[in-house]
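For reference, the structure discussed in these notes is given below.
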Amino acid sequence: MVEGLIGRKVSMTQVFDQDGGTVPCTVLQAGPCIVVTKREAARDGYEAVQLGLVEPGKARGVSKAVQGHFAKANLPPTRRLKEFRLVAGGDNPSVGDKVLVAALFKPNDRVDVIGVSKGKGFQGVMKRHHFRGGAASHGSMFHRAPGSIGSSAFPSRTFRGMRMGGRMGGDRVTVKNLEVVRVDEENHLLVVKGAVPGAQGAYLVVRKSRAPIRIKKIQTQTPPKTGARTAAKTAHKAAPKG
């Protein structure tokens, strides 16, 4: 079975749980995807499938090299390609098969969502690293500056990794263990609990969580202690006094 799908971020919303409380959620359009090629262990050293995201309209700006890649599979070219490894369970897809969201995910599943965060340009230390800043009183002359970055005599340089102003956002971000709230098979929609990286309409990768959260079972009643000393103490307490 395929591990995940290519999708897009639709919008954020909220749903109501059984107790009437609101749950912040993100609506994702996961798929439909089509299998373009397969990776085999004997030939490639691993097993995976290459999926293409099926979108309305004709794909534009596709190079001739990519067109030849799709021509081998007798498929129309797609703009987005991504490899996904195969996991145990389910069917083994073939080239040309469609992979739908309802076949991979169901409510209460745990998924990882991978995307590119919003780019915020060049930012200072207060926004980028949450510095407190200087005093806001009049005449302070120190409000949003980074402060000292190293001694002048020794070591006469700035250490690598010093928190300073710079480019913020636009990074690859993975949000793990998001709970699937709803699955809309007809419209290829996936509703997950919480927020995901990227702006509205950004492309994402949704896969089964590789390290799902383990919920510990809470014992309602503590089992009684056993042993000779425990039995003697219980008999002593139950004996009549006087």
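The values are calculated or read from the model by the stated rules, or taken from the named source; none is laboratory data. Keep in mind that this is a model prediction, so the values were computed, not measured. FYI the Cβ positions are ideal-geometry reconstructions off the backbone, even for glycines, and counts take in every protein chain you see. These area figures cover heavy atoms from the full protein model, side chains too; ligands, DNA and RNA do not enter into them. Shrake-Rupley method; radii C 1.70, N 1.55, O 1.52, S 1.80 Å.
Points worth noting:
- Single unsatisfied condition, residue 144 versus (1) part of a strand (DSSP E or B); (2) at pLDDT 90 or above: (1)
- Checking 132, 128 one by one, the residue that is surrounded by 15 or more Cβ atoms within 10 Å (Cβ to Cβ), modelled with pLDDT of 90 or more and either touching a helix residue (DSSP H, G or I) at 6+ places or on another chain (Cβ under 9 Å) or not in a strand (DSSP E or B) (or both) is 128 and no other.
- For region 82-116, residues that are assigned to a strand (DSSP E or B) and touching a residue at least 60 places away in the same chain (Cβ under 8 Å) total 13.
- Residue match in region 150-166 (condition: part of a loop (DSSP other than H, G, I, E, B), of a type in the set (A, V, I, L, M), modelled with pLDDT under 90 and over 27 Å from residue 211 (Cβ atoms)): yes
- Scanning region 143-165 for residues that are exposed (fewer than 10 other Cβ atoms within 10 Å of the Cβ), over 34 Å from the mean Cα position of the chain (by Cα) and under 18 Å from residue 129 (Cα atoms) yields 147, 148.
- Of all residues in region 6-32 being within 19 Å of the chain's Cα centre (by Cα) and over 17 Å from residue 201 (Cα atoms), the one that is surrounded by the most Cβ atoms within 10 Å (Cβ to Cβ): 23
- Taken together, 170, 119 contain a single residue that is under 30 Å from residue 23 (Cβ atoms), touching a Gly at 6+ places or on another chain (Cβ under 8 Å) and open to solvent by 50 Å² or more (accessible area, probe 1.4 Å), which is 119.
- Positions within region 127-159 being touching a Gly at 6+ places or on another chain (Cβ under 9 Å), of a type in the set (Ser, Thr, Tyr) and closer than 26 Å to residue 169 by Cα, in sequence order: 158
- Residues satisfying the stated conditions in region 40-55, i.e. open to solvent by 60 Å² or more (accessible area, probe 1.4 Å) and touching a residue at least 24 places away in the same chain (Cβ under 8 Å): 46, 47
- Subset of region 173-216 (residues that are farther than 13 Å from residue 12 by Cβ, touching a residue at least 60 places away in the same chain (Cβ under 8 Å), open to solvent by 90 Å² or more (accessible area, probe 1.4 Å) and not acidic (Asp, Glu)): 176, 182, 210, 213
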